[in-house]
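What follows is a single structure, written as structure tokens, with notes after it.
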Amino acid sequence: MVRKYTNNDVDKAIKKLFLAQDYDYVLSLVNKYGQDEYENEPQRVRLAILKLSAGDKSELLKMLELAKIDYRDVLLSAEYIKDDDKDGKFKDIDEPYSDLLS
């Protein structure tokens, strides 16, 4: 079962990855995901975008664009790893955002 993430989780991740002076800018960017009716699981996808950005604003923009096209791409990259023992299939990471939320 996938954990439900909150806006507080997104705030924590931003504060962990970016400088304080970039907070408002980064928050405004990640909040662009989830504005359209068809954009699913906004907090979870925002965390994936932040994780994959690794604190780089240009990478954040790239991940946001990717999520707007197909959010599953960022979720796959953030929450799953390739399992070389199983013919290249993916397996999920138990707590994919624990490093951002601790």
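Would you be able to say whether some residue in the stretch 47-54 is touching a residue at least 12 places away in the same chain (Cβ under 8 Å), buried (at least 19 other Cβ atoms within 10 Å of the Cβ), in contact with a Gly (Cβ under 9 Å, 6 or more places away or on another chain) and of a type in the set (D, E, K, R)?
No; the residues of the stretch 47-54 include none that is touching a residue at least 12 places away in the same chain (Cβ under 8 Å), buried (at least 19 other Cβ atoms within 10 Å of the Cβ), in contact with a Gly (Cβ under 9 Å, 6 or more places away or on another chain) and of a type in the set (D, E, K, R).
Consider the stretch 1-32. How many of its residues are under 14 Å from ALA48 (Cβ atoms) and touching a Phe, Trp or Tyr at 6+ places or on another chain (Cβ under 9 Å)?
Looking only at that region, the number is 5.
What do you reckon, is LYS68 assigned to a helix (DSSP H, G or I), free of Cβ contacts under 8 Å to residues at least 40 places away in the same chain and either out of contact with any Ser or Thr (no Cβ under 6 Å at 6 or more places or on another chain) or of a type in the set (A, V, I, L, M, F, W, C) (or both)?
Values: assigned to a helix (DSSP H, G or I): yes; free of Cβ contacts under 8 Å to residues at least 40 places away in the same chain: yes; either out of contact with any Ser or Thr (no Cβ under 6 Å at 6 or more places or on another chain) or of a type in the set (A, V, I, L, M, F, W, C) (or both): yes.
Criteria met by LYS68.
Quick test of your reading of the structure: ASP24 fulfils all but one of (1) at pLDDT below 95; (2) more than 17 Å from TYR97 (Cβ to Cβ). Name the failing condition by number.
Going through the list (1) at pLDDT below 95; (2) more than 17 Å from TYR97 (Cβ to Cβ), ASP24 breaks only (1).
Tell me which residues, restricted to the stretch 29-46, are outside any helix (DSSP H, G or I), among the polar types (S, T, N, Q) and within 21 Å of LEU17 (Cβ to Cβ). Working first, answer last.
Initial filter on the stretch 29-46 (outside any helix (DSSP H, G or I)): 31-41.
Now narrow it down to the ones that are among the polar types (S, T, N, Q): 31, 35, 40.
Residue satisfying the conditions is ASN31 alone.
Just wondering, is there one or more residues in the stretch 47-60 that are under 12 Å from the mean Cα position of the chain (by Cα), farther than 18 Å from SER98 by Cα and either hydroxyl-bearing (Ser, Thr, Tyr) or part of a helix (DSSP H, G or I) (or both)? I'd like the intermediate steps shown before the answer.
First, the residues of the stretch 47-60 that are under 12 Å from the mean Cα position of the chain (by Cα): 47-55, 59-60.
Applying the additional criterion that residues be farther than 18 Å from SER98 by Cα yields 59-60.
Going one step further and asking which of them are either hydroxyl-bearing (Ser, Thr, Tyr) or part of a helix (DSSP H, G or I) (or both), we end up with 59-60.
Yes, the stretch 47-60 contains at least one residue that is under 12 Å from the mean Cα position of the chain (by Cα), farther than 18 Å from SER98 by Cα and either hydroxyl-bearing (Ser, Thr, Tyr) or part of a helix (DSSP H, G or I) (or both).
From the list ASP11, ASP85, which one is in a helix (DSSP H, G or I), exposed (fewer than 13 other Cβ atoms within 10 Å of the Cβ) and at pLDDT below 95?
The match here is ASP85.
Can you tell me how many residues within the stretch 8-35 are of a type in the set (Gly, Ala, Ser) and touching a helix residue (DSSP H, G or I) at 6+ places or on another chain (Cβ under 9 Å)? Walk me through how you get there before you give the answer.
Applying the first criterion (of a type in the set (Gly, Ala, Ser)) to the stretch 8-35 yields 13, 20, 28, 34.
Among the residues that remain, those that are also touching a helix residue (DSSP H, G or I) at 6+ places or on another chain (Cβ under 9 Å) are: 13, 34.
Here the count works out to 2.
So ASP73 passes all but one of these: (1) in a loop (DSSP other than H, G, I, E, B); (2) within 12 Å of the chain's Cα centre (by Cα). Which condition number does it fail?
Answer for ASP73: the failing condition is (1).
The values are calculated or read from the model by the stated rules, or taken from the named source; none is laboratory data. Every value quoted in this text rests on a predicted model; they were computed, and no experiment measured them. Positions of Cβ are backbone-derived with ideal geometry, glycine not excepted, and every protein chain shown enters the neighbour counts.
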